[in-house]
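J.: Right, I'll just put the structure down here and ask away after.
The values are calculated or read from the model by the stated rules, or taken from the named source; none is laboratory data. Remember, predicted model here, so these are calculated numbers, not experimental data. So basically every Cβ, Gly included, is an ideal-geometry build from the backbone, and we count neighbours across all protein chains shown.
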Amino acid sequence: MRSSEKGSAALSARERIVLVGFGNMGQALVRGWLAKGRAASSIAVVDPVPAARAVAAQLGVAADERFGASTRGVDVVVLAVKPNQLADVLPQCAELARGGAVCVSIAAGKTIATIVKGLGEGAAVVRAMPNTPAAIGQGITALVANAAVTGGQRALCGELLAAVGAVAWLDDERHMDAVTAISGSGPAYVFLLMECLENAGVELGLDAALAKQLALATVAGAGAYAAGSREPPAELRRRVTSPNGTTQAALDVLMAKQGLRELLVRATEAAARRSRELAAV
């Protein structure tokens, strides 16, 4: 992994973007671009779902059911469709790729080779893996580019994804399966931790509303504290843990053999394995 950064500068409106698929992640991206100063007139959306196009219209963004006049001559094509929809979409984007547009795919598990095969030889492709905190500008996206991507295109793609959080460039596409398992799927693991803490609080006799408040605030606060600290998480954990205290009693269970560490290793291995399987579907 090469670099990690967070964007803050306003996005240029010179480049034209078409976003294919306007689900939750597509909407988060557009909201981030608009918040950073990109003109709505520089963005177009293609989505067959009327409700998705209605959201685009509310944001002032042109939206069509299929490719047409609004998508001609664009500089960037963002493929924000589900992995099982990608094969149908790529042939429709081939002309744009031949015209010089860089294609950014956020379809989990789909390799650059697969995308180039659908777009045509020589296509400039960036594969990206954002995560759901992008919806509030707190995501992180890992990106990897093929050799056809120019320096300017690379910078532009990084800028576009930095509008919704931090970005990190990979040197090797093979690392994308691990990234998918850690940060792409990772928010679900954290949400499960919140859920489990809330349920545990109720089991210990707390009111459900209070248990939820304590669980959410604890996870959110600990995450913010760790992000703002120069110390590694292991050191922060040690600072909270008094010998023979209450935290130590809980950690003796969580860190036992077949405990939380082993479970997370098994869970992330399963996610990475599924990412590799999706490449072959």
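J.: Hey, does the stretch 107-124 have a residue that's at pLDDT 95 or above, within 21 Å of Lys36 (Cα to Cα), outside any loop (DSSP other than H, G, I, E, B) and not aromatic (Phe, Trp, Tyr)?
T.: no
J.: Filter the stretch 237-246 down to the residues that are under 28 Å from Ile140 (Cβ atoms) and free of Cβ contacts under 8 Å to residues at least 12 places away in the same chain, then identify the one that is surrounded by the most Cβ atoms within 10 Å (Cβ to Cβ).
T.: Per the stated criteria, the residue is Thr241.
J.: Select from the stretch 21-37 the residues that are on the phi < 0 side of the Ramachandran plot, among the small types (Gly, Ala, Ser) and touching a residue at least 60 places away in the same chain (Cβ under 8 Å) and list them in ascending order.
T.: Ala28, Gly32, Ala35, listed by residue number.
J.: Against the definition (surrounded by 16 or more Cβ atoms within 10 Å (Cβ to Cβ), under 19 Å from Gly152 (Cβ atoms), under 16 Å from the mean Cα position of the chain (by Cα) and at pLDDT 95 or above), how does Val78 come out, yes or no?
T.: yes
One line per residue, one yes/no per condition, for (1) farther than 23 Å from Ala28 by Cβ; (2) surrounded by fewer than 16 Cβ atoms within 10 Å (Cβ to Cβ):
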| site | (1), (2) |
| --- | --- |
| Gly151 | yes, yes |
| Ala163 | no, no |
| Ala166 | no, no |
| Leu170 | no, no |
| Val179 | no, no |
| Ser185 | no, no |
| Cys196 | yes, yes |
| Leu204 | yes, yes |
| Ala215 | yes, no |
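J.: Going by the structure shown, is Ile182 of a type in the set (Val, Ile, Thr), over 30 Å from Gly100 (Cβ atoms) and at pLDDT below 95?
T.: For Ile182, the condition - of a type in the set (Val, Ile, Thr), over 30 Å from Gly100 (Cβ atoms) and at pLDDT below 95 - is not met.
J.: Here is a follow-up. Which of (1) surrounded by 13 or more Cβ atoms within 10 Å (Cβ to Cβ); (2) out of contact with any Gly (no Cβ under 9 Å at 6 or more places or on another chain); (3) not hydroxyl-bearing (Ser, Thr, Tyr) does Arg276 not meet, given it meets every other one?
T.: Here Arg276 clears every test but (2).
J.: Here is a further query. Kindly indicate the residue of the stretch 110-149 that is surrounded by fewer than 22 Cβ atoms within 10 Å (Cβ to Cβ) and under 13 Å from the mean Cα position of the chain (by Cα) and also nearest to Asn84 (Cα to Cα) among those meeting that condition.
T.: Here the residue is Thr132.
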